[in-house]
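Single-structure report; data block below.
The values are calculated or read from the model by the stated rules, or taken from the named source; none is laboratory data. This is a predicted model, so every value here is computed, not measured. Neighbour counts run over all protein chains shown; Cβ positions are idealised from the backbone, glycine included. Just so you know, the surface numbers come from the protein's heavy atoms only, side chains and all, with ligands and any DNA or RNA stripped out. Shrake-Rupley method; radii C 1.70, N 1.55, O 1.52, S 1.80 Å.
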Amino acid sequence: KPIEVVRTQTIPSDLALQQGNLARGKAIYELSCSICHANGPAPSLYRNGYTPRQIARKVRGLSPEGIAGVIMPAFSLDRLSNLDLVDVVAYVVRM
């Protein structure tokens, strides 16, 4: 399915963003994020000072500006559920 730039205001709470399932988050990250963030052109958001909430906003496309001008595609609810988002954020901040 092609990536759509659809912005949604749905961001889980800060508490929820700290309680994700790391195993699920790793699997989702490897499927959806690693092409750019593991060995690709994009740097780690967390290691560059982004908070869990900022990472979630970035994933949802609510914060389109990037590090050094790199633009990250948005993952709307139809591509990544809020549960998936919570799990990915939990994994990213602990990897």
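Applying the selection to the range 1-17, what residues are of a type outside the set (A, V, I, L, M), loosely packed, with under 14 Cβ neighbours inside 10 Å and at pLDDT 80 or above?
The answer is Ser13, Asp14.
If we keep just the residues of the range 68-85 that are hydrophobic (A, V, I, L, M, F, W, C) and open to solvent by 50 Å² or more (accessible area, probe 1.4 Å), which is modelled with the lowest pLDDT? Give the derivation first.
First, pick out the residues of the range 68-85 that are hydrophobic (A, V, I, L, M, F, W, C): 68, 70-72, 74-75, 77, 80, 83, 85.
Now narrow it down to the ones that are open to solvent by 50 Å² or more (accessible area, probe 1.4 Å): 68, 70-71, 77, 83.
Details: Ala68: 62, Val70: 65, Ile71: 71, Leu77: 82, Leu83: 91.
If we take residues in the range 68-85 being hydrophobic (A, V, I, L, M, F, W, C) and open to solvent by 50 Å² or more (accessible area, probe 1.4 Å), then Ala68 is modelled with the lowest pLDDT.
Which residues, counting only those in the range 12-39, are part of a loop (DSSP other than H, G, I, E, B) and in contact (Cβ under 8 Å) with a residue 12 or more places away in the chain? Break it down stepwise before answering.
Taking the range 12-39 first, the residues part of a loop (DSSP other than H, G, I, E, B) are 12-13, 18-21, 33, 38-39.
Hits for the range 12-39 are Pro12, Gln18, Gln19, Gly20, Asn21, Cys33.
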